[in-house]
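Before any comments, here is the structure.
The values are calculated or read from the model by the stated rules, or taken from the named source; none is laboratory data. These numbers come from a predicted model, not from an experiment. Cβ atoms come from the backbone with ideal geometry, glycine included; neighbour counts cover every protein chain shown. In case anyone asks, the SASA skips ligands and DNA or RNA and just uses the protein heavy atoms, side chains included. Shrake-Rupley method; radii C 1.70, N 1.55, O 1.52, S 1.80 Å.
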Amino acid sequence: MMKTGNTTYKAAFRIALATGFLLLLPLLAMQFTNEVVWDLADFIVAGVLLFGTGLTYKLAARKARKTGNTAYKSAVGLALAAAFILIWVNGAVGIIGSENNDANLMYGGALAIGIIGAIIVRFQPHGMARAMFATALAQMLVPVIALIIWPPQVISWGAAGVFGVFVLNAFFVMLWVGSALLFRNAARNNLPRKYQSIRKIKL
């Protein structure tokens, strides 16, 4: 137990160091260009995102290593990457128009569906697959709902326009679906061997 605790602390410390190093990049960039302008809140949000993402992936990787289920590790990594990029892009420049556009708040609802679903299914692979499929569906519906509530003539959809928003949104949908498929594969790998043999015979 003590060894496991020490390993966790060491992993968290290494992730914290990596987070600090990555945060140095925008700090240094601010010294040489006016294109990068971060305030304290930006650094705090970025730090929490980077550290939280890294720590979650590390814990998932440890679980996958114990069970020998690499598909679960890949599924978690893809889901975390999708969530990280979505939050980063949406917070920095916004997907629908600018970052101040109220329509972008709906993407937080899509993420909430995935998080709540993961908690309900206790991070079990079969349930996680359903949660990621639900997140993909919610992500797909965001621009559709936005188009109904806020037509292009009412709000700005940004330089990319409506079509560009749908293309970018489809990219995130594919990430969520990819994660769901990996979780489904991980669930199959978690079956007891006798059930895996039966399944192979049926196939």
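Its Kirkwood hydrodynamic radius, worked out from the mean inverse distance over all distinct Cα pairs, puts region 1-141 at 16.9 Å. Within the accessible area of the chain, what % is carbon and sulfur when the probe is 1.4 Å and the other protein chains stay in place? Carbon-and-sulfur percentage of accessible area, whole number: 69. Hey, what angle do you get for helix 193-202 against the long axis of the chain, alpha-carbon based, 0 to 90 degrees rounded to 10? With both axes taken from Cα atoms, the answer is about 80 degrees. Residues in region 112-129 carry Karplus couplings, in order, of 4, 4, x, 5, 5, x, 5, 5, 4, 8, 6, 6, 6, x, 5, x, 5, 4 Hz; the curve used is 6.51 cos²θ - 1.76 cosθ + 1.60 with θ = phi - 60°, and Gly or Pro positions show x. When the surface is traced with a 1.4 Å probe over the full set of protein chains, Leu59 keeps roughly 90 Å² accessible. Across region 33-127, C-alpha contacts under 8 Å between residues 6 or more apart give a mean separation that, scaled by the residue count, equals a relative contact order of 15 percent. Residue separation of Glu99 and Val36 scaled by 0.36 nm, minus their Cα-Cα distance, works out to 21.1 nm of gained length.
Here the 3J(HN,Hα) profile of region 174-180, calculated from phi with Karplus coefficients 6.51, -1.76 and 1.60 at θ = phi - 60°, is 5, 5, 5, 5, x, 5, 4 Hz, Gly and Pro shown as x. Each Lys or Arg adds one and each Asp or Glu subtracts one; over the other residues with Cβ under 14 Å from the Cβ of Ser156, this totals -2. Divided by 2.2 N^0.38 Å, where N counts the residues, the Cα radius of gyration of region 72-118 comes to 1.23. With protein chains left intact and a 1.4 Å probe, residues in the chain average 62 Å² of accessible area per residue. Taken along the Cα-to-beta-carbon direction at a fixed 7 Å, the label points for Val48 and Ala112 span 1.6 nm.
Extension gain, Met174 to Val144, is 9.1 nm, computed as 0.36 nm per intervening residue step minus the present C-alpha separation.
Computed over protein heavy atoms with a 1.4 angstrom probe, the accessible surface ordering of Arg130, Arg184, Arg62, largest first, is Arg130, Arg184, Arg62.
Using alpha carbons only, how many degrees (0 to 90, rounded to 10) separate the axis of helix 70-92 from the longest principal axis of the chain? Taking Cα atoms only, the helix is inclined about 10 degrees. Extension gain, Ala18-Ser156: 0.36 nm per intervening residue step, less the Cα-Cα distance, totals 45.9 nm. The protection proxy used here, the mean number of other Cβ atoms lying within 10 Å of each residue, ranks peptides 35-43, 112-120, 75-83 as follows, highest first: 75-83, 112-120, 35-43.
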